[in-house]
Amino acid sequence: MEPLTGNKQTILHICSREMLRPLRDQILRLSGFDVESTLSHAEGMSMFWARPYDLVLIDVEGETGISAAEHLCSEIKTAQPGQLIAFVCNWRVAILTDCPDEIVRTEFDPAAFVEGVRDIIPKYC
């Protein structure tokens, strides 16, 4: 985990997929964001309490991951209603949930992923 520094926008990325999480983290870092990430929702909550983030990205792995992601989203929003949260998910999951502020649809296109994140942060910050 790299420390957050400077005036870069900060992202907490919670993703239980070991192969995907570091790839997304690196894509976001190369695009100018400060990123901290974890594989677990419980650790994500601990990290959330430790420092402020401009955006919390929660990966939702298929329809089976919706309930856990919505629970985490609800916990964060209850504790800090102003926290910006986005789910990273496919189009099907996106139509089945309404907890987060935004949805970043996953496509196998790193530029589209970064563009989705960049589109979200200025709206709220």
Taking Leu84, Leu55 and counting other C-beta atoms within 10 Å, the order from fewest to most: Leu84, Leu55
Sequence-separation-based contact order of the range 10-124, relative, with Cα cut under 8 Å and 6+ spacing, percent: 23
Dipole magnitude (debye, nearest 20) for the chain, charges at Cβ of Lys, Arg, Asp, Glu: 200
Counting every C-alpha pair in the chain, the percent lying more than 24 Å apart is 17
Other residues with Cβ under 10 Å from the Cβ of Thr10 give, with Lys and Arg +1 and Asp and Glu -1, a net charge of -1
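Each value in this text was obtained by applying a stated rule to the coordinates, not by laboratory testing. Quick caveat: nothing in here was measured; it's all calculated off a predicted structure. Glycine gets a Cβ as well: all are built from the backbone with ideal geometry, and neighbour counts include every protein chain shown.
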